[in-house]
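Scroll down for the structure; my scribbles are underneath it.
The values are calculated or read from the model by the stated rules, or taken from the named source; none is laboratory data. Owing to the predicted nature of the structure, the values given are computational and were not obtained by experimental measurement. Don't worry about glycine lacking a Cβ; one is built from the backbone with ideal geometry, like all the others, and counts go over all protein chains shown. Surface accessibility is based on the protein's heavy atoms, side chains included, excluding ligands, DNA and RNA. Shrake-Rupley method; radii C 1.70, N 1.55, O 1.52, S 1.80 Å.
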Amino acid sequence: MDVFELRNQLVGDYGAFARSFAKIKSADIRDQLHAIYAGDRFWPEPLLQINPNYMAGPTVADLAQSNELHPLCASIFQTKDDATGNLIPLRLHTHQFQALSAGKSGASYVVTTGTGSGKSLCFFIPIIDAILRERITDSLPRTRPSSSIR
């Protein structure tokens, strides 16, 4: 599949659909409108980004050591070093750390970053941290509401 040809087909189909709503009898206005559509004013070129660099933040181990996260989070959120195969602390991106801080303060937050930027961790880490902290006060294995998870 050629994604650029697919894009061109979609733009063409949508352009024909959008133009189908108006039947312009005046030739000069019709020609101007066709020129605007043909000029790609409404269909910008596709934007491709590969492997963006996100600003680095602290590791989960650092946050666990400073008690910003439950200590078990350090062993849960690790990654494997490709070269050695050893487990190493997961380094968060700045936006992940900011989301974690917002969640821990009880604030609502929305995360909008590119694909593959670790948005899921922005929500998983605070939830796992809250569950682990709740177990300290109530070790009974069960599902329960918590004031720390909103």
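Just a few scattered comments:
- Test: residue in the stretch 107-119 that is touching a strand residue (DSSP E or B) at 6+ places or on another chain (Cβ under 8 Å) and modelled with pLDDT of 85 or more: yes
- Set side by side, the residues GLY39, GLY85 differ, and just one is open to solvent by less than 50 Å² (accessible area, probe 1.4 Å), out of contact with any helix residue (DSSP H, G or I) (no Cβ under 9 Å at 6 or more places or on another chain) and either farther than 28 Å from ARG135 by Cα or among the β-branched types (Val, Ile, Thr) (or both), which is GLY85.
- Residue selected from the stretch 13-36 under the condition basic (Lys, Arg) and exposed (fewer than 11 other Cβ atoms within 10 Å of the Cβ), by the criterion modelled with the lowest pLDDT: LYS23
- Residue in the stretch 74-90 that is of a type in the set (Lys, Arg) and closer than 27 Å to ILE136 by Cβ present: no
- Filter result for ARG91 (touching a residue at least 60 places away in the same chain (Cβ under 8 Å), at negative phi and open to solvent by 40 Å² or more (accessible area, probe 1.4 Å)): no
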